[in-house]
1. Given (1) at pLDDT 90 or above; (2) farther than 30 Å from Gln322 by Cα, where does Gly276 come up short, assuming only one miss?
2. Given Val130, Val110, which one is of a type in the set (A, V, I, L, M), buried (at least 19 other Cβ atoms within 10 Å of the Cβ) and outside the structural domain of Glu70 (by TED's automatic domain parsing)?
3. Being surrounded by 16 or more Cβ atoms within 10 Å (Cβ to Cβ) and either of a type in the set (D, E, K, R) or assigned to a helix (DSSP H, G or I) (or both) is the filter here; which residues of the range 296-315 pass it?
4. Please report, ordered by residue number, the helices (runs of 4 or more DSSP H) entirely within the range 186-282 with at least 3 residues that are among the small types (Gly, Ala, Ser) and under 25 Å from the mean Cα position of the chain (by Cα).
5. Of everything in the range 239-269 that's of a type in the set (Gly, Ala, Ser) and buried (at least 22 other Cβ atoms within 10 Å of the Cβ), which residue is farthest from Glu222 (Cα to Cα)?
6. I need the full set of residues from the range 140-173 which are polar (S, T, N, Q) and either assigned to a helix (DSSP H, G or I) or modelled with pLDDT of 90 or more (or both), in order please.
7. Give me the residue from the range 149-201 that is farther than 20 Å from Ile230 by Cα and among the acidic types (Asp, Glu) and, out of that set, surrounded by the fewest Cβ atoms within 10 Å (Cβ to Cβ).
8. Mind checking which pairs have a first residue in the range 170-183 that is outside the structural domain of Ala145 (by TED's automatic domain parsing) and a second that is surrounded by fewer than 16 Cβ atoms within 10 Å (Cβ to Cβ) and assigned to a helix (DSSP H, G or I), Cβ under 7 Å, 6 or more apart or different chains?
Amino acid sequence: MYSQSLIDIFGADHLMYGEARLSIVKQMTDLANSPEVTKAELDIVQMVYSEFYRDHFMAVRLEISKAICEAEYISRHLILMMAEDCASVSQFILHHSNKLSSVDLIDFVVKGGAVKQLAIASRHDLSNDVALSLIEHGSLDVIYALVENQSAVLNADNLRQLYTNFSMNAGLRSLLSQRDNLPADLREMIVYDVAKSLEDYVTNANWLDEGQALAITQKSYEIAAIEISIGIADADMMDYIKRLSAEERLTSSLILRSITTGYMKFFEYSLAYLSGLPIKKLHSLLHNPNASTRNALFNRAKLPQDLHAVLTIAVDVYRDLQFQHACNLQPGTHEFSVNMIKNVTECYHMQSDNGQAYLQRVLDCYYIDISDRMAA
């Protein structure tokens with residue numbers, strides 16, 4: 001059963017008992033971890049592990065698995081053999097060993113059960129291709145472990161695929177939102193789904209009627225969708241706007257809210273996309289003080305006629321605020337947005353009473369009620 005070399009070292013009678021073999025394995029582990037260990041001694045350690053790794057006494061296999069999972073001197077062959085063992089034994093190897101390639105790990109993901117997949121999902125610096133395999137084959141618990149593993153390499157496509165597969169799970173949405181590398185379009189998708197879930201919940205619970213629920217959740221979604229755009233690079237901004245349009249979420253309300261709260265980049269890229277103009281050309285036309293030029297631009301973007309006055313005022317207010325407070329009031333901050341809204345409101349009331357409903361929808365997000373100041 002055992003090699004003659006092993007019998008010569010430890011004795012045949014001693015090898016008959018599981019507890020004795022376990023004691024031998026522990027002695028070998030201590031020897032291998034000794035600073036003075038020699039290569040000859042490591043060869044003996046590996047010989048013991050190689051003969052005991054299929055021991056019928058589970059404690060022996062567990063001890064070996066724990067001992068070799070991070071050991072550099074152990075052969076890749078032994079690592080692979082122990083990774084094939086039952087999940088309770090192999091999980092240490094699958095979680096820690098750097099002798100397993102991505103191909104090895106993917107193979108264990110495909111043919112292994114949940115425990116093995118969980119061990120792999122928690123590996124440090126898990127590669128992108130292994131993560132994708134876990135997304136395709138793993139259960140929800142495995143996906144949770146993968147998302148919680150901040151060292152796992154999850155590219156934007158993987159994260160989108162993961163969310164597509166498990167988008168209805170609220171806990172997973174929360175975990176994803178905590179990742180620093182979550183792409184902007186996925187953040188927007190999560191925000192939209194959360195808003196819709198909240199709308200359905202408060203409606204079904206009879207807390208609000210459908211109209212009230214829609215107004216509140218739509219407002220929250222719009223604020224978040226615009227603020228997400230702050231961190232998007234100019235080169236990627238048009239893709240964000242295009243996707244909003246493809247999902248039918250680039251609404252007049254969203255565009256109005258962006259400019260009246262001071263998010264000029266979102267506003268400009270939205271107009272550029274809707275009008276079909278290059279962003280630089282759009283910027284030049286938008287900031288031309290000629291009213292007919294701006295109205296032509298808004299018409300080309302197919303924005304409602306009754307919004308044109310508010311949009312024109314908001315563009316001018318944005319310019320004036322930047323000029324007046326260049327050092328201490330920055331676009332993209334709450335303070336800048338509040339100042340935008342107040343100034344747009346004051347300027348608008350001096351000129352027209354059209355489109356108040358649209359304007360109020362924007363002002364609601366900062367709890368500013370203009371109803372008592374509407375023109376009679």
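The values are calculated or read from the model by the stated rules, or taken from the named source; none is laboratory data. Model, not experiment: these values are computed from the prediction. Cβ placement follows ideal geometry from the backbone for every residue including glycine, while neighbour counts extend to all protein chains displayed.
1. (2)
2. Step by step, each of Val130, Val110 is checked, and only Val130 is of a type in the set (A, V, I, L, M), buried (at least 19 other Cβ atoms within 10 Å of the Cβ) and outside the structural domain of Glu70 (by TED's automatic domain parsing).
3. Selection gives Leu297, Phe298, Leu307, His308, Ala309, Val310, Leu311, Thr312, Ile313, Ala314, Val315.
4. Fully inside the range 186-282 and qualifying: 210-228, 234-246.
5. Looking at residues that are of a type in the set (Gly, Ala, Ser) and buried (at least 22 other Cβ atoms within 10 Å of the Cβ), I get Gly262.
6. Asn149, Asn158, Gln161, Thr164, Asn165
7. Across the range 149-201, the extreme among qualifying residues is Asp157.
8. Leu175/Glu148; Pro183/Ala156
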